[in-house]
Amino acid sequence: MRRGAEISLALLGVAGVLAAAWAAPWLRFVLTIALAKGIAVLGILLLLRAGQVSFGHALYLSSGAYVVAFLAPSLPEALLLLPLAALIAGLIGLVAGLFLARYRDIFFGMLNLAISMVFYSLLEKLYELTRGTDGIRVEPPRVAGLALTLEAYVWAMLLVALVLAVGFGMLVRAYLASPMGQALAGIKTRETRLEFMGVSARRVLLAAYVLSALMGGVAGAIVGMTTRHVTPLLAYWTTSGELVFIAILGGAGGALGPFLGAVTYELVRVYAAAAFAEAWQAILGVVLLLVILFAPGGLWGMLLGLLGRRPGRAP
Amino acid sequence: MSTQTQLSRRGALAVAAGAVSGSLLWPGSGSAQAQKPAELKVGITTFLSGPASVFGVPARHTAEMLFEEINRAGGIGGVPVRALFVDEAPGTDHLVGEFRRLVQNEGVHVMFASISSGSCLACTPLSDELRKTTILWDCGTQRIFEEGRHPYAFRTQGYATPEVLAPLLYLLKTRPDFRTLAVINQDYAWGRDSWEIWKTAMDALKPGVRVVAELFPRLGAPDYSTEVTRLLAARPDVIYSTHWGGDLVTLVRQAAERRLFDRSTFVLPVAEASLQILGRTMPAGHIIGTRGDHWNNHPRPRDPARLSRFVESYRRRQNEYPIYPCHHMYQAISAMQAAYEKAIAAKGGGWPNDQELAAAFRGLEFATPTSTITLREDGQGLEDQIVGVSSFTDRFPFAVPKDMIIFPAAMVSTPVGQKSVDWLKTLKPDLLAQVPAPIAG
């Protein structure tokens, strides 16, 4: 029953995104970015299940984007760049995760932040390689071997993001229901019990971490190919903060939460910027405060409440 | 909390969300614009927050002031103008999204893009894609027109190469016997680019200068004591720095306190915007630039009345002198007015569409208060550069240049189709013979 409801909600969301993109051309871009960020936030959500907050996931977002920026000239094919970005971000996640998975809570969050800021500095300092803060331009790659017109390309990126969002959403849903996912919740409640059962908490967290890094890489690749200009700002801590912000806004209860949060976040930002060009930060802050104060389960929890169900688990 | 109140609050939220999404789905105006519009919308991206807002906010004030003046005088071609501002600070993905929203949803007729070079690099491909005339109103990177063609993008002011080459030529002309040099630039693209341009040109024009220190402190550094100590120890004849805004103020204050200015000659190509804040702290006798020719004490402006009218009305509103981003905004708006006049005249009084407007910009010649700027065939504007030596007069409570040299834009700009660094390598020392003499006073 619950599953059926979630699937129909997801289908409704897909239809809503497509309808909005069809009606308003400029929304195609905003929604593609929102879906990409939603995919990255899905990774944050996995870690949130284990009670761990990463303040450094911009590392994976930006590494995915820079994989695109560096490889697009020699390999102009979106459907190859995406898995490559995922692979490289996943590998970085594996290396970093090997020692990060030993840490918990504030130490986990801060170490993630530290590593991502090291990467940011490298992007800025290795000027000859990365063109520094001015960033690298990305020429639109082919999609499935087709050199598309720019208008078709914008549509193609939206559809790619939509398909990946649905795919990763289902994957995360299945993962959370699996023993590996259940063990994540075990880390949050009482880790010793897990170890007592013969389950290695480190491996459980590492697996989730690598998966989240991989999704971050995919999200970054989409962002890079959509904005077609990649700058080190993507690796800055404010981007990591944005992802955590979206996770809280959307709610950590279900796989749809991150997408709900990301779309809301982008739309609120666009509207706030349109209405009050110099006060958009304040408006976003007020929205987050309202959500924390009145809807601790995030937008997803609010939606479940509207549908007459109990709100999902708070983060 | 009762269920009923919860539901009603949620209901209200849902209604509000619906109303918002409703307004967003149906754009106000389409992209076709053959008919004369009710108003001419101009999208302007500028820094409204963050450290670069020291440039962005004065430019915004200038745009608001000039648009009011234009509207009082009947608008452009009889159509009132309206500005829509976008903050550049949140980063590329937000800026690119806003650019699309302004063009596709608000139906703006002209875009003014960006202070940051990174923003300009991100926006110019969009101008190609959306076929929307985009004026690059302040950014300086030489990469824009050297790395690709952009039929709808035009830069209505100078750019990095002339803005660095002119101070170098000034130094070589007026103090040719320096032997050592140090650089202290902000650690980001402009700091690196402006050093590469300077170094390449200096090696071509005066080979054998020893670089005794290359310092790249981070953007927004609050403390330069390490750098000042190293510069005091290295004793360079010349210190080159393209610092800007608050960073330049901090650097000058800390270097002045420790008498670094007594020991070395500073070359500060972006000094002008910080001179009002520095006041008397800025030492006299150092080479200063303004990214153009728009000094308050321009020795022979083309239209002195227009310059002083602009400066005075800006001062009345903001209680300070306009700085170079204000002039760049003025130039962009003047170019837009001139292009519309040209396009409307070419169409016999009809309203131009996007293609006709862009065609009017190509090769456009427009007047600024200080001189005339021509847009080359690649879209780059040719703006003269004035460099001088900091000095104090009774007229201004802050440093202004004296012994100014007016560098004709064509002399210091990379020719069309060449890359700046390659062109700079071909410079010969006899270029110095072409440099005009300083204007005494």
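The values are calculated or read from the model by the stated rules, or taken from the named source; none is laboratory data. Model, not experiment: these values are computed from the prediction. Note: ideal-geometry Cβ built from the backbone for every residue, glycine included; neighbour counts use all protein chains shown. Quick note on the areas: whole protein, heavy atoms, side chains included, nothing else; ligands and nucleic acids left out. Shrake-Rupley method; radii C 1.70, N 1.55, O 1.52, S 1.80 Å.
Descending by average beta-carbon neighbour count within 10 Å, the peptides B:396-408, B:134-146, B:314-326 line up as B:134-146, B:396-408, B:314-326, the highest first. Over the C-alpha atoms of chain B, the Rg to Rh ratio, Rh being the Kirkwood estimate, stands at 1.02. When the alpha carbon gyration tensor of segment B:387-426 is reduced to an equivalent ellipsoid, its three semi-axes come out at 33, 9, 8 angstrom, largest first. Averaged over the residues of A:32-41, the number of partner chain Cβ atoms lying within 10 Å of the residue Cβ comes to 1. For A:Glu278 and A:Arg102, the FRET efficiency from 1/(1 + (r/R0)^6), where r spans their Cβ atoms and R0 equals 56 Å, is about 0.80.
Computed over segment A:40-153, the percent of Cα pairs more than 21 Å apart is 46. Cysteines of chain B lacking any other cysteine Cβ under 4.7 Å from their own Cβ: B:Cys123, B:Cys326.
In segment A:237-273, the residues whose accessible area drops by at least 20 square angstrom when the other protein chains are added to the isolated chain are A:Arg269, A:Val270, A:Tyr271, A:Ala273; the probe is 1.4 Å and only protein heavy atoms count.
Considering only alpha-carbon pairs that sit under 8 angstrom and 6 or more positions apart, the relative contact order computed for segment A:28-250 is 49 percent. Hey, if you drop one equal point scatterer on each alpha-carbon of segment A:51-103 and run the Debye formula without solvent, what base-10 log of I(q)/I(0) do you get at q = 0.23 Å⁻¹? Once normalised to I(0) and log-transformed, intensities are -0.84.
What part of the accessible area of segment A:145-197, given as a whole %, is carbon or sulfur when the probe is 1.4 angstrom?
70
Report note on the peptides A:3-15, A:203-215: ranked by the mean count of other C-beta atoms within 10 Å, highest first, their order is A:203-215, A:3-15.
Against chain B, whose longest principal axis comes from its Cα atoms, helix B:117-130 is set at around 40 degrees. In the full protein context, the protein assembly as shown carries 39 Å² of accessible surface per residue, based on a 1.4 Å probe and ignoring ligands, DNA and RNA. In chain B, the longest principal axis of the Cα atoms and the axis of helix B:53-72 are about 60 degrees apart.
P(r) for segment B:28-117, from all Cα pairs and a bin width of 5 Å, is 3, 14, 23, 22, 18, 12, 6, 1, 0 %, short bins first. In the protein assembly as shown, the DSSP beta bridges split such that about 35 percent are antiparallel, to the nearest 5.
Which of A:Ser240, A:Ser121, A:Ser54 ends up with the largest GNM mean-square fluctuation for chain A, with Cα atoms connected below 10 Å? Judging by the Gaussian network model, the answer is A:Ser121. Rounded to the nearest 10 degrees, the inclination of helix B:324-346 to the longest alpha-carbon principal axis of chain B is 50 degrees. Start at zero, step by 20 Å, and the Cα-Cα distances of chain A spread as 34, 59, 7 percent across the bins. Compactness ratio for segment A:78-224: Cα radius of gyration over 2.2 N^0.38 Å (N = residue count) comes to 1.26. For chain A, the membrane-span-like helices by this rule, meaning whole DSSP H stretches whose C-alpha atoms cover at least 24 Å of axis and whose Kyte-Doolittle mean is 1.0 or above, are A:2-23, A:25-49, A:78-100, A:105-125, A:150-177, A:201-227; this says nothing about an actual membrane.
Taking only the alpha carbons of segment B:139-204, we obtain Rg and Dmax values of 13.9, 45 Å in that order. The label-point distance for A:Val14 and A:Leu122, in a model that sets each label 7 Å from Cα toward Cβ, rounds to 3.7 nm.
For a paramagnetic label modelled on B:Ala73 (point 7 Å from Cα along Cα→Cβ), amide N atoms under 13 Å away belong, within segment B:364-381, to B:367-369. Expressed as a whole number of Å, what is the distance separating the alpha-carbon centroids of segment B:358-416 and segment B:115-132? Measuring centre to centre over Cα atoms gives 24 Å.
With contacts taken as Cα pairs under 8 Å at a separation of at least 6 residues, segment B:104-180 carries a relative contact order of 27 percent.
DSSP finds beta bridges in chain B, and of those with both partners inside it, around 35 percent are antiparallel. Gain on full extension, evaluated as 0.36 nm per residue between B:Ala367 and B:Arg175 minus their Cα-Cα distance, stands at 65.8 nm.
If you take the Cα centroid of segment A:154-216 and the Cα centroid of segment B:167-232, the two points sit 51 Å apart. Summed over both chains, the area buried between A and B is near 3800 Å², taken from the accessible surface of protein heavy atoms with a 1.4 Å probe. Taking amide H as placed 1.01 Å from N in the peptide plane, the amide H of B:Val212 sits under 5 Å from that of B:Leu181, B:Ala182, each at least 5 places away or on another chain. Heavy-atom accessible surface, probe 1.4 Å, ligands and DNA/RNA ignored: which residues of segment A:110-152 lose at least 20 Å² versus the isolated chain? Residues shielded by partner chains are A:Glu124, A:Lys125, A:Tyr127, A:Arg131, A:Thr133, A:Asp134, A:Arg137, A:Leu150. Three principal axis extents of segment A:210-315 based on alpha-carbon atoms, in descending order, are 44, 38, 21 Å.
Modelled spin-label separation between A:Met197 and B:Glu377, with each label point placed 7 Å from Cα along the Cα-to-Cβ direction: 7.4 nm. Shielding by partners for peptide A:16-29, expressed as the average number of C-beta atoms from other protein chains within 10 Å of each residue's C-beta, is 4.
In this simple spin-label model, placing a label point 7 Å from the Cα along the Cα-to-Cβ direction at both B:Asp394 and B:Ile439 gives a separation of 2.1 nm.
Pairs spanning more than 23 Å between alpha-carbon atoms, out of B:Lys41/B:Lys347; A:Lys37/A:Lys125; B:Lys173/B:Lys419: A:Lys37/A:Lys125; B:Lys173/B:Lys419.
Scoring A:46-52, A:302-308, A:193-199, B:121-127 by mean Cβ neighbours within 10 Å over their residues and listing the highest first yields B:121-127, A:46-52, A:302-308, A:193-199.
Geometric descriptor of the protein assembly as shown, per residue, is 174 Å³ (volume of the convex hull of the Cα atoms).
The mean count of C-beta atoms from other chains within 10 Å of the C-beta of residues in B:118-126, rounded to a whole number, is 5.
With Cα atoms as the point set, the radius of gyration and Dmax of segment A:1-97 evaluate to 16.3, 48 Å.
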